[in-house]
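Some notes on the structure that comes next.
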Amino acid sequence: MISSLVHRRMSWLGATAVSLAWFSVAPLQAATPITPKDVVYQVITDRFADGNTANNTPAGFDSTLFDDPDLDGHGNGDDLKLYQGGDWQGIIDKIPYLQGMGVTAVWISAPYENRDTEILDYQAGGGIDRWTSFHGYHVRNYFATNKHFGLMQDFEALKNALHAQGMKLIIDFVSNHTSRWVNPTNSNSAEDGRLYEPDKNGSGNYVFDANGNPLDWNSDGNLENLLANPHNDVNGWFHGLGDRGADSSRFGFRHKELGSLADFSQENAQVVAHLEQAAKFWKSKGIDGMRHDATLHMNPAFVKGFKDAIDTDTGGPLSHFGEFFIGRPDPKYDEYRTFPDRTGVNNLDFEYYRAATNAFGSFSETMAQFGSMMTTTSTDYIYENQAVTFLDNHDVTRFRYIQPNDKPYHAAIATLMTSRGTPNIYYGTEQYLTSADGSDIAGRVFMQTETAFNTSTTAYQVIGTLSALRQSNDALAYGGTEILYSTNDVLVYKRQFYDKQVIVAVNRQPSVSATVPALNTTLPTGTYADELGGLLFCGSNTVTNVSGQNKITSFGLSGGEVCVWSYNPSLGTTIPRIGDVVSTMGRSGNTVYIYGTGLGGSITVKFDTTNATVVSNSDTKITATVPAVTPGIRNITVVKSGNTSNTFRYDVLSDDQVQVIFKVNASTVPGENVHVVGNVPELGNWDPAAAPEAMMNPNYPVWFLPVSVPKNTALQFKFIKKNGGTVTWEGGSNRSFTSSSSSTGTSDTTVYTWQP
């Protein structure tokens with residue numbers, strides 16, 4: 001999402017109509033999800049490179065909203081509230097540049113049509129700021145492309161060009177809201193927020209031309225039709241509760257508006273159906289992953305079913321990660337850290353970002369505290385290597401603005417590239433892009449006007465070198481983290497996956513040297529060269545045996561020095577070892593990818609004790625099918641020649657997930673919360689410790705909670721009260737409710753009364 005929130009009509013294409021529903025006509029290749037071996041590069045599409053000036057002012061667009069004061073057809077990068085001209089062809093043109101930096105996955109702005117009219121902000125002094133939706137977070141029509149970026153054939157060209165080079169494509173996807181529907185700077189006057197869809201044929205399917213672009217099927221002169229309008233919300237598509245403001249409750253975050261953006265009622269079955277249809281439509285185009293916007297503000301029951309619907313559809317599981325925006329420390333931390341386990345959608349690692357910015361940027365935290373964060377989160381996160389780590393992005397201050405000194409700047413990049421998680425590089429970090437001030441909008445500079453895409457910068461080379469190491473040494477992708485030594489300014493840590501190891505030593509101080517004492521190690525004796533080749537001033541080091549204990553010889557770290565020493569022995573092919581699994585949540589019959597080593601040859605994949613069907617396998621990857629197994633948490637293992645691998649946690653869902661909104665009238669005392677618990681794993685299987693999160697009570701004493709449960713299922717449940725470790729069950733008989741039989745259904749229970 002963007003914090004600068006204030007911050008089209010398509011012409012008929014005249015091509016032969018091709019009737020489509022929301023799936024691809026051609027067979028869909030299986031997605032290639034990102035893994036911790038990948039390096040993701042985040043591009044704000046409008047702010048990277050302009051490969052096709054013809055789409056800078058699409059038909060019907062107000063050309064004054066394109067930043068081109070000299071009228072030469074090119075964005076000049078001065079007014080960052082306006083469109084600058086970056087597009088998908090520009091990304092295609094820069095693929096060699098990205099490859100040279102070791103980028104293996106590209107995350108682009110939302111590719112679909114956005115509100116394309118000016119957004120006016122009235123200033124206290126009488127001025128008016130004019131904004132555009134260049135960022136992609138103001139959806140207007142999910143089934144048409146953003147014409148500033150290109151047509152559908154251009155999107156397909158980008159996907160094909162990346163895939164041809166073995167690179168992956170991730171799209172931003174917004175399912176929390178449409179656009180701003182009232183203007184908070186003008187007495188909440190009516191604005192936009194409307195959602196449109198393409199024409200439909202007689203069978204109720206959307207229609208597109210031969211290239212996949214909407215067309216005027218009904219010959220009414222329009223390419224789109226109004227679907228939902230927050231100003232006349234007859235079908236309840238929007239919550240309509242006003243801006244969240246200072247409401248810090250879960251209800252406020254999830255049901256009220258973020259920056260006056262029209263907030264979808266994700267408890268409405270029509271909304272669920274449309275959003276799932278839209279996500280499947282883009283999946284059918286061959287993408288590999290989705291970054292979900294504003295997950296902090298979404299209904300987790302919706303997110304769980306949404307992700308499940310996408311991954312169950314043709315093509316196998318995608319990568320899913322989302323923006324659960326927190327501070328450090330933050331009262332929402334527990335909700336944040338458990339979000340991936342509850343929904344299947346991983347997090348952008350804001351905890352890592354905050355700690356890294358503090359340690360390497362402002363120096364407000366010590367390196368010892370940063371190291372503590374890495375080990376603590378490795379325990380707190382069940383899938384710590386799937387968390388997407390970053391130093392900055394489009395929603396926060398550019399890291400270069402915070403840290404203008406090259407030495408700690410490079411040290412932060414090297415640490416990001418060798419830490420647990422999957423690293424994400426914000427476009428231009430490798431070119432030292434900064435901003436005029438600390439705002440997020442100031443950081444969204446037009447890279448084409450700011451840099452020459454120099455491939456010889458130290459940052460570019462550090463990223464490329466460590467990307468190669470991440471792919472070659474599984475310790476970085478799959479390993480655990482151990483802190484070997486730390487002070488206020490120095491951190492030495494180990495990443496290890498079985499016998500494979502990487503040792504990283506970092507001195508953040510730009511001009512103060514430090515001495516690291518001899519450290520106990522499990523590395524074999526010998527000399528280890530710096531994997532960075534001295535880019536950050538390091539040389540080799542030796543491991544010697546002292547009185548039976550192998551030790552890394554004491555060494556000095558000059559200002560800004562970073563050492564990366566690698567031990568990468570073959571683990572052989574006999575013993576299977578699991579490094580990662582995608583997805584970590586799904587139903588029987590779903591595809592699952594298992595990554596690691598020793599996975600080739602004759603193998604058996606088990607979910608607890610039940611065998612899964614192996615579709616294909618190699619030494620480093622297995623494609624399997626989730627077996628018919630008792631739903632709930634199951635451990636995946638791989639068995640080969642009598643050897644059993646380590647386990648990996650997988651959440652088997654009971655069935656297609658739908659929502660039930662549970663409601664109860666219950667009085668509580670301070671510190672007490674109400675939960676629902678019942679007879680399916682999604683309701684905790686009667687275990688209070690495994691029950692869904694606490695219910696919400698904006699209209700106390702009535703409590704409510706949307707819960708993701710299996711469709712068409714007779715649920716048995718009761719309400720309980722929790723106060724710390726004390727659990728109070730309501731009396732009486734079990735309650736009964738049957739969930740919707742529709743795959744996108746939602747249903748409300750009556751408001752029950754607590755049974756004493």
### Query
Roughly to the nearest percent, how much of the accessible area of the chain is carbon and sulfur, given a 1.4 Å probe?
48
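Just for the chain, what percent of DSSP beta bridges are antiparallel, to the closest 5?
75
Considering only the other residues whose Cβ falls under 12 Å of the Cβ of GLU672, what net charge follows from Lys and Arg at +1 and Asp and Glu at -1? Don't skip to the answer; put the middle values down first.
Values: positive: LYS721, LYS722; negative: none.
Net charge around GLU672: +2.
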### Query
When Rg/Rh (Cα atoms, Kirkwood Rh) is calculated directly from the model, which label among (1) 0.96; (2) 1.08; (3) 1.04 fits?
(1)
### Query
Under 13 Å from the Cα of LYS718, which aspartates and glutamates turn up, not counting those fewer than eight places away in the same chain?
ASP687, GLU730
### Hits among aspartates and glutamates - C-alpha to C-alpha of LYS640 under 18 Å, sequence gap 8 or more where chains match
ASP580, ASP608, ASP619
### Task
Straight distance only, please: which lysines reach the Cα of LYS81 with their own Cα at less than 20 Å, same-chain residues fewer than 8 apart left out?
LYS147
### Task
Of the options SER645, PHE662, ALA690, report the single residue whose Cα projects farthest towards the positive end of the charge dipole of segment 632-698 (beta-carbon charges: Lys, Arg +1; Asp, Glu -1).
SER645
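With n ≥ 4 as the cut-off for DSSP H runs, can you work out [θ] at 222 nm for the chain, using -39500 (n - 2.57) per run divided by the number of residues, rounded to the nearest 500?
On the way: 15 runs with 136 residues, N = 756.
Roughly -5000 deg cm²/dmol at 222 nm, from the helical runs in the chain.
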### Task
Would you be so kind as to identify which of ASN346, ASN723, GLN84 lies farthest towards the positive end of the dipole of the chain, taking Lys and Arg as +1 and Asp and Glu as -1 on Cβ and the Cα centre as origin?
ASN723
### Query
Where only protein heavy atoms count, and the probe is 1.4 Å, what is the accessible area per residue for the chain in Å²?
33
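Give, in nm to one decimal, the length gained when the segment between SER187 and LEU241 is fully stretched (0.36 nm per residue of separation minus the Cα-Cα distance).
On the way: separation 54, 0.36 × 54 = 19.44 nm, distance 1.60 nm.
Length gained between SER187 and LEU241: 17.8 nm.
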### Percent of beta bridges antiparallel (DSSP, segment 229-359, rounded to nearest 5)
10
### Task
Compute the length gained on full extension between ASP72 and THR375: take 0.36 nm times their separation in residues and subtract their Cα-Cα distance, giving the result in nm to one decimal.
103.8 nm
### Query
Given the pairs LYS94/LYS621; LYS37/LYS280; LYS256/LYS332; LYS200/LYS285, which span a C-alpha to C-alpha distance of over 22 angstrom in this model?
LYS94/LYS621; LYS37/LYS280
### Message
What does the extension gain come out to for ILE661 and PHE363, with contour length at 0.36 nm per residue minus their alpha carbon separation?
### Response
102.7 nm
### Dipole in debye (nearest 20) - segment 629-707, about Cα centre, beta carbon charges: Lys, Arg +1; Asp, Glu -1
240
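The values are calculated or read from the model by the stated rules, or taken from the named source; none is laboratory data. Predicted model, so just to flag it, every value in this text is computed and none were measured. Quick reminder, even Gly has a Cβ in these numbers, built from the backbone with ideal geometry, and neighbours come from all protein chains shown. Quick note on the areas: whole protein, heavy atoms, side chains included, nothing else; ligands and nucleic acids left out. Shrake-Rupley method; radii C 1.70, N 1.55, O 1.52, S 1.80 Å.
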